[in-house]
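As C-alpha cells, the structure follows; a few thoughts come after it.
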Amino acid sequence: MKSYYKMIKPWDIIVVFSLVLLSFIPFFIFSFVQAQKTEGTSVNTAIISVDGKEVRRIVLTDNTSTETFDVHSSDGGYNTIEVTNNKIRIKAADCTDQVCVLTEYISKPGETIVCLPHKVLIEIVSETAAEDDIIISS
C-alpha cells in the first residue's frame with residue numbers, strides 16, 4: 001500500500017490551492033458592492049407600523065438624542081419604544097411573551113423587531129439622499 005504522500009502530485013497541490021483562493025471571490029465581490037452602496041450619503045430610518053399601518057418614521061442617522069414614547073395597538077396594548085444613539089428598541093410592553101422586549105437595539109438596514117401580540121413592527125431601511133435632502137428629526 002502506497003503512502004498518502006506519494007499519491008499527491010505537485011499539480012494536485014496547485015489545483016487545491018487555486019480552488020481555495022477562488023472560493024473567496026464571492027466574498028470580495030459582495031464586499032465591493034456593499035462598499036459602493038455606502039459611498040453615497042445614506043440615511044437609516046426606523047419605520048414603526050401597527051397592524052400594517054405606518055405610525056411613525058424616525059431618522060436614526062446622526063440621531064444622538066434619547067427619546068422614549070409609547071405606541072398603542074388596537075387591542076389596547078402598548079409598547080414603549082426607546083431611540084438613542086442611532087439605535088432603536090422596544091423597552092417595555094404589556095404583552096405576555098415579552099420577546100420584543102428581549103430583542104436588543106437595532107440600527108442596521110434590514111433589521112426588524114416584531115411584537116406579534118400587538119402587531120407592532122419596527123424595521124430599519126436605508127435611503128440614499130442628496131446632501132441637501134438630509135433632515136435630522138425625531
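The values are calculated or read from the model by the stated rules, or taken from the named source; none is laboratory data. Only a predicted model underlies this, so the values are computations on that prediction, with no experimental measurement involved. As a convention, Cβ positions derive from the backbone with ideal geometry for all residues, glycine included, and neighbour counts pool all protein chains shown. Protein only, heavy atoms only, side chains kept; ligands, DNA and RNA dropped before computing areas. Shrake-Rupley method; radii C 1.70, N 1.55, O 1.52, S 1.80 Å.
Structure values in brief
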| quantity | calculated |
| --- | --- |
| Residue among Val59, Val33 that alone is at pLDDT 85 or above and within 24 Å of the chain's Cα centre (by Cα) | Val59 |
| Failed condition for Pro109, given (1) closer than 20 Å to Val50 by Cα; (2) at pLDDT 90 or above | (2) |
| Top-ranked residue in segment 114-138 [being at pLDDT below 95 and under 10 Å from the mean Cα position of the chain (by Cα); ranked as least open to solvent (accessible area, probe 1.4 Å)] | Ile124 |
| Residues of segment 79-90 classified as over 18 Å from the mean Cα position of the chain (by Cα) and either on the phi > 0 side of the Ramachandran plot or buried (at least 16 other Cβ atoms within 10 Å of the Cβ) (or both), total | 1 |
| Count of segment 56-66 residues which are outside any loop (DSSP other than H, G, I, E, B) and buried (at least 16 other Cβ atoms within 10 Å of the Cβ) | 2 |
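This table checks each residue for (1) among the polar types (S, T, N, Q); (2) touching a Phe, Trp or Tyr at 6+ places or on another chain (Cβ under 9 Å); (3) farther than 30 Å from Cys115 by Cα.
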position: Ile14; (1), (2), (3): no, no, yes
position: Leu22; (1), (2), (3): no, no, yes
position: Val43; (1), (2), (3): no, no, no
position: Ile47; (1), (2), (3): no, no, no
position: Asn63; (1), (2), (3): yes, no, no
position: Thr66; (1), (2), (3): yes, no, no
